[in-house]
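One structure coming up, written as structure tokens, with questions to follow.
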């Protein structure tokens, strides 16, 4: 028999599990699916617990309907590439100093490809909400749902990246040939950095153990010395 007290305890337990899943830095198909299911259970449970409180019930139901309507709303033209480019650079900069964590994709821990993805996911979502462009939020959700490695960026990542040029190293690269937001992937496909302008590159460095920004040329970082393939997000073309 589900008594009100038992229902509250079940909801609290589910809420705690959801928070734990949200705080867990590693992003995999299982953690993403688990997080979505737990959030749905928490939200539905909250509505059920507040069902007798008519004002709260209608507020929660209205919020649910508004969110669903927003996500289903027909898309608008995307903002100019420069607008999204600036948001992308700011999105990655917010992770400066974060701990490197293999497979990570959150402020609690992030890896090289996770930094590229989170920067774009955050910028698409924020720009979509700021300018009421549901299509950008849908693209952010789609990007979050489909994981990618550094090698995936180099190989086109579901048609979302395109090649720009090859270079023997970032130390000898003519930076006038690329744009802020472009990504440099090692030809081995094991690491990726993003260009932020003025010969500077941001990366989640496994050897240093955190997100940092480097200025080329430098011999103090192994990733700036090896051969690279430069690729660009389709949104930033």
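Derivation of every value follows stated rules applied to the coordinates shown; laboratory data play no part. Bear in mind the structure is a predicted one, so any value in this text is a computation, not a measurement. No Cβ is skipped: glycine too gets one built from the backbone with ideal geometry, and neighbour counts run over all protein chains shown.
For each of 186, 3, count neighbouring Cβ atoms within 10 Å of the residue's Cβ, then give the residues from fewest to most. Spell out each step's value before the answer.
Numbers: 186 19, 3 8.
Ascending number of Cβ neighbours within 10 Å: 3, 186.
Also, I was wondering about something else. As an exercise, use a Förster radius of 25 Å and the Cβ-Cβ distance of residue 7 and residue 108 to find the FRET efficiency, rounded to the nearest 0.05.
On the way: r = 31 Å, r/R0 = 1.23.
Rounded to the nearest 0.05, the efficiency is 0.25.
Tell me, Kirkwood radius of segment 129-192 from alpha-carbon pair distances, in Å?
Values: mean 1/r = 0.0728 Å⁻¹.
When all Cα pairs of segment 129-192 are included, the Kirkwood radius is 13.7 Å.
Order these by the 10 Å Cβ neighbour count, fewest first: 203, 151. The partial results should precede the final answer.
Values: 203 26, 151 17.
Ordered by Cβ neighbours within 10 Å, fewest first: 151, 203.
Taking 8 Å as the Cα distance limit and 6 or more residues as the minimum spacing, I'd like the relative contact order of the chain as a percentage. The partial results should precede the final answer.
Details: 376 pairs, mean separation 46.1, N = 237.
Computed value for the chain: 19 percent relative contact order.
Can you tell me which of 193, 115, 126 moves the most in a GNM of the chain? Springs connect C-alpha atoms under 10 Å apart.
126
Less than 20 Å from a label point 7 Å out along the Cα-to-Cβ axis of residue 40: which backbone N atoms in segment 1-26 qualify, by residue?
10-23
For each of 219, 76, 229, count neighbouring Cβ atoms within 10 Å of the residue's Cβ, then give the residues from fewest to most.
Numbers: 219 8, 76 13, 229 19.
Placing the least packed residue first, the sequence is 219, 76, 229.
With springs only between Cα atoms under 10 Å apart, run a GNM on the chain and tell me which of 120, 30, 183 wobbles the most.
Looking only at 120, 30, 183, the biggest GNM fluctuation is shown by 30.
7 Å from Cα along Cα→Cβ at both residue 218 and residue 90: what's the point-to-point distance in nm?
Here the answer is 2.5 nm between the modelled labels.
What is the antiparallel percent of DSSP beta bridges lying wholly in the chain, to the nearest 5? Please list the in-between numbers first.
Numbers: 26 of 27 bridges.
Roughly 95 percent of the DSSP beta bridges within the chain come out antiparallel.
On to the next question. Under 10 Å, Cα contacts only: if you run a Gaussian network model on the chain, which one of 130, 117, 200 comes out with the highest mean-square fluctuation?
Of the options given, 130 has the highest mean-square fluctuation.
Which of the three applies to the chain, rounded, prolate or oblate, going by the alpha-carbon gyration tensor with a ≥ b ≥ c and a/c under 1.5 meaning rounded? Don't jump to the answer; show the numbers that get you there.
Numbers: a/c = 2.99, a/b = 1.91, b/c = 1.57.
Since a/c reaches 1.5 and a/b is larger than b/c, the shape of the chain is classed as prolate.
Follow-up question, since we're still on this one. Starting from the Cα of residue 176, move 7 Å in the Cα-to-Cβ direction to define the label point; list residues of segment 191-211 whose amide nitrogen is under 19 Å from there.
Within reach of a label on residue 176, which here means backbone N under 19 Å from a point 7 Å along Cα→Cβ, segment 191-211 contributes 196-200.
Here's a follow-up. Taking Cα atoms of segment 115-237, Rg/Rh with Kirkwood Rh, to two decimals?
Details: Rg = 14.5 Å, Rh = 14.9 Å.
On the Cα set of segment 115-237, Rg over Rh gives 0.98.
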